[in-house]
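A.B. asks: Provided herewith is a single structure, encoded as C-alpha cells, for subsequent inquiry.
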C-alpha cells in the first residue's frame, strides 16, 4: 500500500484529522493511508459521515478551521503536508483540481463562467486576459460544451445540470493538474447524465494522464470506473484492494453488508439484506473495532483495534480475515 | 432588461400615489372646514367661501379627486398660502439640500456597513467582532435627533472641529459644504448604518459557508480575491435590497435633523408648512419625497439587476 | 463534523450548528436567556419609575422655579435642572408615563389592525392584491413625514400622535402577519380542517392565529420601540403631544438651545429614551430566538 513515494502521484500516509472545539478533541478520520499513481483512479467509498469528504479536504489543504491534521501527504515526490498555508494554496487549482458534488452551488452565481475560468487561468498560468479567454473556450470545447464563447459570457443558472458539471470539470483541469479529486461528482445528476459525465471523466483521465481520487457511495460506479477502491467506515479505512476484488469478493463484514444491501449487486431484489444498526456518530466510536457493534462476527478480540490483515484478495482492518468467528 | 425596468416602474407607482392619496383624503375627511382652518379665527365668511372655491372644496369628493389627480400629474400644485409663490418653484429650492444630505448619509452608511460587517464576519467571535455587534445593537437603538445633539456637544461645542449649525451650499466650495453637512449626515446615517452592518455580517457569514467560496479556494485563488471578489459580490446583495427602505427612513429623519442643524431642506420646509397650515406646500413636500424615493428605488432595482444576473430571468 | 449528507464543501462542513430540542415552556426559555431577562428588568425599572413618578421624584414636574435654573446634577437634583428651573429627574420620570403609554397604545391598535388585515390578506387572494399594493406604497415612505402631515390637519395632541402613528405603523406588521399566514395556510392541518368543513371563522381563530402568534409577539416589541421613537421625534419637532404634556421627546425640544450650557438637559431624557428602545429591541431579538429558532439570524 505505501509503495514507493516517487512512483506515485499522490501518497497519503497515516493521515488523521480531529476537530478541536474548546477542550474537547473529536477524531474525524484516523490513520488513513492510500496512494494513487499516474492515470489511475482510486475510489474512496463509504456511507455519508464516514470521513471521505474530510479526507479530500485534508489532501487539498482546506480542512475546517478548527482541525488538527497529522500524518503526511506526498504529491509527486514532495511532502506537501510540510508546506505552509500559502504554499498549499498555490498547489490548489494548479497541481490539484477539485470537482464538487453540486455544480449549481459550487460555481459562483453572479460571476460569469468565463470570469471564473479566467481568474484561475490568469493566476496560475500568468496568461493575459485575451489568452485566458481563448484557453477557457478551448477547455469548454474539450469537455463537450457547444458554443463555448457564448457560454463563457453566461451564468451557471442558465445551464443544465450536466452542462454545469462539465464546466466544473473544465475548471478543475484548466491548469493541467496532476491530481483531480472528484467528490461525488455525479450524485446530484440525472441517471442518463451521470453516465455521460463519468465517461467524460474517464476520457480526461486517460487523455491527460490524471491521477484521480474518486469519492462516492455508489459501488456500481466504483466497479465500472475505478482501478482501486478504499472503503471507509467511521473515520477508518477498513478495506482496500482492486475495485473488482472489493466489489466482487469483499472480505470485511461491513463491505460484504454494503454490497448485499445494493440492489444492482443482488440478483434477488426482494431479499436485500440491510446492515443492522446505524453508523455510530463522531465522538461515539467504540474503542476497538468500530464496526463491532453491528457485526455478526464480533467477539472479545474486537474490543481492541485491529491492524490490517491480508484477507482473500483484499486487505482488511478486521480480526477475522478468514470470515469465521474464532473459537 | 428593458422589460424588467418597465415592470419595476409599474410596481413603483403605488410608492408615489399611496402617500399622496392619504394626504388628499386627510385634508378632505378631517373634522372641520379646511378653508376655515387655513385662514384662522379672524377670517370672514366671504374669505372662507373664496378659498373654498379656490381649493375646489365645493365639488363632490369624486370630482375633487379627479381634479386633484390631474393637477398632480401636470405638476400644477397651486400657490403656497404663505410664500404666495407656486409650489413647484418652492420645492426644488429645498429639495437639493435634502437630497445632498441624504445621499451623503446613505453612502457613508453603506461604506461603514460593508467594511465593518464583512470584517466582523471574517473575524467571527473575536473581540473585534463582539464589539462591532454590540455597537450595532446600540446604534439601532439610538434616536437620531438625540444622537445629533450629542454630536454637536462633542464635535462642535467641545472640540470645535465643526460648525454647530448652518448650511453652506456646494457652490460656495465643496469643503465648506462638506463641513456643514458632516454632522447632520453622521447623525442621519447612524441607525441605518447599524442595521446594514448587521445585515452585511450575517449575509457574509452565510456566503462564507457557500460551496462556491470553497471552490474559489480550491482553485488556489488568494484569500483577498476570494473575499473581495467572490464573497463580496453576493454578500452585498441583501444590503442593496434594503437601501431603498433605508433611504426612506433617512428622508424621515431629515425632518428633525434639518431643524437641529438649521438646514434649509425639505424636512424643515414641511414642518414649517404644517405649522403655518400651508397645505399646498405640505402636499408638494409629500409629492417631492415620494418622487425622490421612487427615482431612487428604480435606480436600486437597476443596480440590483446588474449585480445579480439571476434576477433578470425571474 | 462528519460529512452528514456529503456536503460538497469539504473545507467548511465543520460548522458548529447545534440542533436544539425544544421542550420547555416559553417563559422558562425566556428566563434562561440573559438578554431577555436584562431587557425585561430595564423595562420594569422604566415602567415602575413612571407609574410611581410622584412617589419617587415628587409631583408637579412642570413647575417653573427661576431661582434654580441650570443646576448641574447633584444629590438634590440627580439629573440637574433645566432653563426654567425644572427638575429634570421629575421630567424624565413623568415624561416616561406619556412616552410608554403612547407607545403601548399605538402598538396595541396598530398590531390589532395589522393582524386582522394580515389574516384576511394572507387568506383571501383578492384582498391581498389590493392591500399589498397599499402596503408597498406605505412601506418605503417615511412614517414620520406622513405623521407630520397628519398633525398639520389634526393639530398637535396625544390623540393625533396615537392616531397617526397607529396608521403609519400598520404597514410593516401587516406584511409580517400576511407572510406568516401564507406559510401556515399551506399546512396540511388547515387543508384537512377545510376539507372536513370547519367554519372559516374557526379556522382563523383555532388554527391560523395560534400559528402566527409568535411572529406577532416579536413584531409587537419592535413596533413598540418604533412607536416610542416616532412619538419622541414628533414631539421633538413640536408636532407631537403638544406643550401641555411632557414626554422624553418633548423634554428634548428646548434642550437643543442649551447643549453647551447644560448638556445634562440633553443627556438624561435621551438616555431614558434610548434605554427603552434598546430594551425593546433586545427583547424582540430574544423573543425571536426563543419562539422561532428558524427565524433567528445567526449571530
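A quick yes/no check of all residues on (1) more than 14 Å from chain C (Cβ to nearest Cβ); (2) over 19 Å from residue A:181 (Cα atoms); (3) at pLDDT 90 or above:
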| residue | (1), (2), (3) |
| --- | --- |
| A:4 | yes, yes, no |
| A:11 | yes, no, yes |
| A:17 | no, no, yes |
| A:24 | no, yes, no |
| A:28 | no, yes, yes |
| A:34 | yes, no, yes |
| A:38 | yes, no, yes |
| A:45 | no, no, yes |
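A.B. asks: Could you say which residue among B:67, B:72 is over 28 Å from the mean Cα position of the chain (by Cα) and at pLDDT 80 or above?
C.D. replies: Just one listed residue meets the conditions, B:67.
A.B. asks: A further question follows. Looking at C:148, C:115, which one is farther than 27 Å from residue C:26 by Cβ, within 24 Å of the chain's Cα centre (by Cα) and assigned to a helix (DSSP H, G or I)?
C.D. replies: The conditions single out C:148.
A.B. asks: Where residues in the range B:263-279 are part of a helix (DSSP H, G or I), buried (at least 20 other Cβ atoms within 10 Å of the Cβ) and over 13 Å from the mean Cα position of the chain (by Cα), which of them is modelled with the lowest pLDDT?
C.D. replies: Looking at the filtered set, the residue picked out is B:279.
A.B. asks: Of the numbered conditions (1) in contact (Cβ under 8 Å) with a residue 40 or more places away in the chain; (2) over 23 Å from residue A:201 (Cα atoms); (3) more than 10 Å from every other protein chain (Cβ to nearest Cβ), residue A:79 fails exactly one; give the number of that condition.
C.D. replies: If we test residue A:79 against (1) in contact (Cβ under 8 Å) with a residue 40 or more places away in the chain; (2) over 23 Å from residue A:201 (Cα atoms); (3) more than 10 Å from every other protein chain (Cβ to nearest Cβ), just (1) comes out false.
A.B. asks: Can you pull out every residue in the range B:60-81 that is in contact (Cβ under 8 Å) with a residue 24 or more places away in the chain and surrounded by fewer than 15 Cβ atoms within 10 Å (Cβ to Cβ)?
C.D. replies: Passing the criteria: only B:61.
A.B. asks: Let me ask something else about it. Across the range A:61-80, what is the total count of residues that are farther than 15 Å from residue A:12 by Cα, in contact with a helix residue (DSSP H, G or I) (Cβ under 9 Å, 6 or more places away or on another chain) and part of a strand (DSSP E or B)?
C.D. replies: So the answer is 1.
A.B. asks: Somewhere in the range B:121-132, is a residue surrounded by fewer than 17 Cβ atoms within 10 Å (Cβ to Cβ), within 14 Å of chain C (Cβ to nearest Cβ), outside any helix (DSSP H, G or I) and on the phi > 0 side of the Ramachandran plot?
C.D. replies: There is at least one residue in the range B:121-132 that is surrounded by fewer than 17 Cβ atoms within 10 Å (Cβ to Cβ), within 14 Å of chain C (Cβ to nearest Cβ), outside any helix (DSSP H, G or I) and on the phi > 0 side of the Ramachandran plot.
A.B. asks: Looking only at the range C:235-248, count every residue that is more than 8 Å from every other protein chain (Cβ to nearest Cβ) and in a helix (DSSP H, G or I) and tell me the total.
C.D. replies: Counting residues in the range C:235-248 that are more than 8 Å from every other protein chain (Cβ to nearest Cβ) and in a helix (DSSP H, G or I) gives 2.
A.B. asks: Within 19 Å of residue A:163 (Cβ to Cβ), free of Cβ contacts under 8 Å to residues at least 12 places away in the same chain and not in a loop (DSSP other than H, G, I, E, B): does that describe residue A:105?
C.D. replies: When the stated conditions are applied, residue A:105 passes them.
A.B. asks: Related question: Mind telling me which of the residues B:237, B:227, B:259 ends up being surrounded by fewer than 23 Cβ atoms within 10 Å (Cβ to Cβ), in contact with a helix residue (DSSP H, G or I) (Cβ under 6 Å, 6 or more places away or on another chain) and either touching a residue at least 12 places away in the same chain (Cβ under 8 Å) or more than 12 Å from chain C (Cβ to nearest Cβ) (or both)?
C.D. replies: None of the others qualify; the one that does is B:259.
A.B. asks: For residue A:13, all conditions in the list (1) under 16 Å from the mean Cα position of the chain (by Cα); (2) part of a strand (DSSP E or B); (3) within 17 Å of residue A:234 (Cα to Cα) hold save one; what is the number of the exception?
C.D. replies: (3)
A.B. asks: Go through (1) within 28 Å of residue B:162 (Cα to Cα); (2) outside any loop (DSSP other than H, G, I, E, B) and name the single condition residue B:233 misses.
C.D. replies: Tallying (1) within 28 Å of residue B:162 (Cα to Cα); (2) outside any loop (DSSP other than H, G, I, E, B), residue B:233 fails exactly one: (1).
A.B. asks: Report, by residue number, each residue of the range C:24-39 that is assigned to a loop (DSSP other than H, G, I, E, B) and touching a residue at least 40 places away in the same chain (Cβ under 8 Å).
C.D. replies: C:33 - this is the single residue of the range C:24-39 that is assigned to a loop (DSSP other than H, G, I, E, B) and touching a residue at least 40 places away in the same chain (Cβ under 8 Å).
A.B. asks: Residues in the range B:283-314 that are exposed (fewer than 15 other Cβ atoms within 10 Å of the Cβ) and within 10 Å of chain C (Cβ to nearest Cβ): how many?
C.D. replies: Adding up the residues that qualify gives 0.
A.B. asks: Using the structure shown, decide if residue C:45 is within 28 Å of the chain's Cα centre (by Cα) and in contact (Cβ under 8 Å) with a residue 60 or more places away in the chain.
C.D. replies: no
A.B. asks: Kindly list the number of the only condition in (1) at the interface with chain B (Cβ under 9 Å from one of its Cβ atoms); (2) touching a helix residue (DSSP H, G or I) at 6+ places or on another chain (Cβ under 8 Å); (3) closer than 30 Å to residue A:150 by Cα that fails for residue A:99.
C.D. replies: (1)
A.B. asks: Out of (1) within 11 Å of chain A (Cβ to nearest Cβ); (2) within 22 Å of residue B:267 (Cβ to Cβ), what's the single condition that is false for residue B:193?
C.D. replies: It is condition (1) that residue B:193 fails.
A.B. asks: Report, ordered by the first and then the second residue, all pairs with beta carbons closer than 6 Å, sequence separation of six or more or different chains, a first member in the range B:153-179 that is within 21 Å of residue C:252 (Cβ to Cβ), and a second member that is modelled with pLDDT of 85 or more and part of a loop (DSSP other than H, G, I, E, B).
C.D. replies: Short answer, once both residue conditions are applied: B:155/B:161; B:155/B:162; B:156/B:162; B:165/B:261; B:165/B:262; B:166/B:262.
A.B. asks: Moving on. For the subset of the range A:138-165 comprising residues that are in a loop (DSSP other than H, G, I, E, B) and exposed (fewer than 15 other Cβ atoms within 10 Å of the Cβ), which member is farthest from the other protein chains (Cβ to nearest Cβ)?
C.D. replies: The residue in question is A:146.
A.B. asks: Continuing with the same structure: For the range A:308-327: of the residues being at pLDDT 85 or above and outside any strand (DSSP E or B), which is nearest to residue A:241 (Cα to Cα)?
C.D. replies: A:314
A.B. asks: Okay, next question. Taking the stated definitions as given, is residue B:280 more than 10 Å from every other protein chain (Cβ to nearest Cβ) and touching a strand residue (DSSP E or B) at 6+ places or on another chain (Cβ under 9 Å)?
C.D. replies: So residue B:280 passes the test.
A.B. asks: Right, another one. Residue B:100 - would you say it is assigned to a helix (DSSP H, G or I), modelled with pLDDT under 95, away from every other protein chain (no Cβ under 14 Å) and farther than 18 Å from residue B:300 by Cβ?
C.D. replies: The answer is yes for residue B:100.
A.B. asks: In the set C:232, C:279, C:227, which member is in contact with a helix residue (DSSP H, G or I) (Cβ under 9 Å, 6 or more places away or on another chain), assigned to a helix (DSSP H, G or I) and more than 11 Å from every other protein chain (Cβ to nearest Cβ)?
C.D. replies: When all the criteria are applied, what remains is C:227.
A.B. asks: Give just the number: which of (1) touching a helix residue (DSSP H, G or I) at 6+ places or on another chain (Cβ under 7 Å); (2) surrounded by 14 or more Cβ atoms within 10 Å (Cβ to Cβ); (3) part of a helix (DSSP H, G or I) does residue B:57 not satisfy?
C.D. replies: Here residue B:57 clears every test but (3).
A.B. asks: Output the residues belonging to the range A:121-139 that are under 20 Å from residue A:150 (Cβ atoms) and within 26 Å of the chain's Cα centre (by Cα).
C.D. replies: A:121, A:136, A:139
A.B. asks: Okay, moving on. Anything in the range B:143-158 that is surrounded by 21 or more Cβ atoms within 10 Å (Cβ to Cβ) and within 7 Å of chain C (Cβ to nearest Cβ)? List them, or say none.
C.D. replies: Result: B:143, B:145, B:146, B:149, B:152.
The values are calculated or read from the model by the stated rules, or taken from the named source; none is laboratory data. Model, not experiment: these values are computed from the prediction. So basically every Cβ, Gly included, is an ideal-geometry build from the backbone, and we count neighbours across all protein chains shown.
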